[in-house]
Amino acid sequence: MNTSTSSHVVTRFAPSPNGLLHAGHALSAFTAFELAQRHGGRFLLRIEDIDTARARPEFVEAIYQDLAWLGLTWEQPVLVQSQHFQEYFAAAERLIAQGLLYPCFATRSEIEAAADPANLDPDGAPIYPGLWKSAPADAIAARMVAGENPALRLDMAAALSAVRAKLSGAPLTFTERDEHGQSTVVVASPERWGDAVIVRKEVPASYHLAVVVDDARQGVTHVTRGQDLLAATDLQRLLHVLLDLPEPVYSHHRLIRWADGRKLSKSSGDMGLRSLRNEGAKAEDLRQAIGVG
Ligand code: GLU
């Protein structure tokens, strides 16, 4: 390892406080924390609570308690995304200025009715069928005047050509580092998200937009998270290029599953850190169970 660069390592754990943390989150948090420790770097905690309908203060409190129980320490102040909507919207405005976002008033059921059920994005949602893509200005104005808030969607075709121009035709890629420190360059395929929502109807941000803005402003050099977010990286890399943000290194770790392969679920309290703690388990037991260190 080159010590001249080691102190620049900045990692983060970025949970959404819409449920209690489980063993999978513990693996994410340990991975980020230990990568920073190994390199004499910094470990940050970020509360990703832009989904204001689902986020709860008691889950934020539980995150702090569970991470302390795991033996982790993090820098203060903690960045809480719901306090930064203005910055996310300012980034969206840069995309608007490039002609890359358009308003969409379609409801989920209208989208489902019009979409091709065989054409799904990596999260299993239908690819947006373009309902409002070329909507006339007066149709948009009428909805606005009626007080409706649109979502803002990325014009994926236009975004891809803007990126091609910015990269002078070179492919959009990211670097994935495995647990042994081996790096692979992966070609990103953001087109599989279609015209994704970049600004939601309910809040002036989206998960993807807030993550790229925050990873950049916090100087995150290594994004470590579960494999369930691997496909999100494709869209986030596209946003980096469009917004001139630096590119972090990625590590998408294995997911913790039940022995029969089922995923852990926050809502059903699977392998919840709080219940493990209440049952008298020690953080060390959990480390062993999930194969950390
Ligand atoms: N907030 C996201 C989640 O809890 C993780 C975001 C990320 O690590 O990029 O699933």
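The values are calculated or read from the model by the stated rules, or taken from the named source; none is laboratory data. Small disclaimer: the values here were computed from a predicted structure and weren't measured. Quick reminder, even Gly has a Cβ in these numbers, built from the backbone with ideal geometry, and neighbours come from all protein chains shown.
For Asp49, the conditions (1) in contact with a Ser or Thr (Cβ under 6 Å, 6 or more places away or on another chain); (2) surrounded by fewer than 21 Cβ atoms within 10 Å (Cβ to Cβ); (3) among the acidic types (Asp, Glu) are fulfilled apart from (2).
Listed by first and then second residue, the pairs linking a residue in the stretch 212-227 that is more than 21 Å from His39 (Cα to Cα) to a residue that is in a loop (DSSP other than H, G, I, E, B) and near the ligand (Cβ under 10 Å from one of its atoms), with Cβ atoms under 8 Å apart and 6 or more places separating them unless they lie on different chains, are Asp214/Ala14; Asp214/Val220. If the condition is being away from the ligand (no atom under 12 Å from the Cβ) and either under 16 Å from Val80 (Cα atoms) or in a loop (DSSP other than H, G, I, E, B) (or both), then the stretch 219-234 contributes Gly219, Thr221. Scanning the stretch 78-119 for residues that are under 19 Å from the mean Cα position of the chain (by Cα) and surrounded by 14 or more Cβ atoms within 10 Å (Cβ to Cβ) yields Leu79, Val80, Gln81, Ser82, His84, Phe85, Glu87, Tyr88, Phe89, Ala91, Ala92, Leu95.
Here is a yes/no grid of residues against (1) at pLDDT 95 or above; (2) within 16 Å of the ligand (Cβ to nearest atom); (3) out of contact with any His (no Cβ under 8 Å at 6 or more places or on another chain):
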| position | (1), (2), (3) |
| --- | --- |
| Ser4 | no, no, yes |
| Gly24 | no, yes, yes |
| Ala29 | yes, yes, yes |
| Leu35 | yes, yes, no |
| Ile47 | yes, yes, yes |
| Ala55 | yes, yes, yes |
| Gly71 | yes, no, yes |
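Arg237: in contact with a strand residue (DSSP E or B) (Cβ under 6 Å, 6 or more places away or on another chain), more than 12 Å from the ligand (Cβ to nearest atom) and in a helix (DSSP H, G or I), yes or no? When the stated conditions are applied, Arg237 passes them.
Flag set for His208, criterion: under 19 Å from Arg46 (Cβ atoms), in a helix (DSSP H, G or I) and within 12 Å of the ligand (Cβ to nearest atom).
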